[in-house]
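First comes the structure, then the notes that go with it.
The values are calculated or read from the model by the stated rules, or taken from the named source; none is laboratory data. In this text the structure is predicted, and so the values were computed from the model without any measurement. Glycine gets a Cβ as well: all are built from the backbone with ideal geometry, and neighbour counts include every protein chain shown.
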Ligand code: ZN
């Protein structure tokens, strides 16, 4: 079968589409013929290599995808051959205290498909049943492939960590990215007032089209003043940030009394400064978050099933053009998700 494999870290040309043995389904596993897989910023980090990152190579890339169940191992209940599924990308032990408490993303053994073990940019993948979930009806495989990681991350951040309430004002930094677009939809569905940042023009239109009430150009110096004007006297209650140092200082200036800044990603760097006195006087909370728990994943799937959330697919590449797909993601001109289509997926 064909798969995208990483043998060494580097620029997009290190990605190899190669013929590898089809996995054998073991006890307690299912085999899924993948139809589509999506890219995440995580793919870029893994391809480039991060300081301290230990990932076994070669590795099949990919955390998000959708496909069809083709084989079922002994001891698996609840799946039938032909079931259309979406990938749940989190890996965890399922036995420890935090797993049993439903906080699986805090499991000491937590990892992500395509990072800890082989991922889903392959024609076939064998999975634990917990990593496959019934595909929401009405979504194509490409659409279903695009939703898992970003919606899970954004839901966990806004609903579980920041406890966003109806009527609050939320500032979504970088509303045109995959996770930003998911955050806009989740916040708007929650009944929050959504101010998003995006660059002017098409990106601003995109953010509005998926539910942002106001859009501010984050390339304009002093953009926080415009946010404050739009937010009114109570300012912003929740800042959703996946960018980090590049927008951090201006984000802080938008936060009202008791506001929460929830963050992940930090795509512009990993260090910043904080005025501690100002932060405690204003009762600010700073909430780090990564991935999400199973309950959040199920809530996201329910949101799609009920038509409250919608996929944001920007562009679909054939698997052979995976390097171009990475370049397109790195260029940062996308609006929503970049998906690769698997060839055939015969079953
Ligand atoms: Zn665990």
So, in the stretch 95-104, of the ones that are touching a helix residue (DSSP H, G or I) at 6+ places or on another chain (Cβ under 7 Å) and in contact (Cβ under 8 Å) with a residue 12 or more places away in the chain, which residue ends up nearest to residue 124 (Cα to Cα)? 104
All but one of (1) farther than 17 Å from residue 295 by Cα; (2) at pLDDT 95 or above hold for residue 55; state the number of the condition that does not hold. (2)
Can you tell me which residue is surrounded by the most Cβ atoms within 10 Å (Cβ to Cβ) among those in the stretch 101-116 that are within 8 Å of the ligand (Cβ to nearest atom) and under 17 Å from residue 128 (Cα atoms)? 104
Residues of the stretch 254-267 satisfying the condition of being over 15 Å from the mean Cα position of the chain (by Cα) and crowded, with 16+ Cβ neighbours inside 10 Å: 254, 255, 256, 259, 260, 261
Apart from one, (1) within 16 Å of the ligand (Cβ to nearest atom); (2) free of Cβ contacts under 8 Å to residues at least 12 places away in the same chain; (3) touching a helix residue (DSSP H, G or I) at 6+ places or on another chain (Cβ under 9 Å) all hold for residue 53; the odd one out is (1)
Quick one: is residue 288 modelled with pLDDT under 95 and surrounded by fewer than 19 Cβ atoms within 10 Å (Cβ to Cβ)? no
Can you work out which of the residues in the stretch 71-100 that are over 15 Å from the mean Cα position of the chain (by Cα), under 16 Å from residue 134 (Cβ atoms) and in a strand (DSSP E or B) is farthest from the ligand (Cβ to nearest atom)? 84
Quick test of your reading of the structure: residue 240 fulfils all but one of (1) within 24 Å of residue 282 (Cβ to Cβ); (2) out of contact with any helix residue (DSSP H, G or I) (no Cβ under 9 Å at 6 or more places or on another chain); (3) surrounded by 18 or more Cβ atoms within 10 Å (Cβ to Cβ). Name the failing condition by number. (2)
Of the residues in the stretch 117-146, those that are in a helix (DSSP H, G or I), away from the ligand (no atom under 14 Å from the Cβ) and surrounded by fewer than 16 Cβ atoms within 10 Å (Cβ to Cβ) number 0
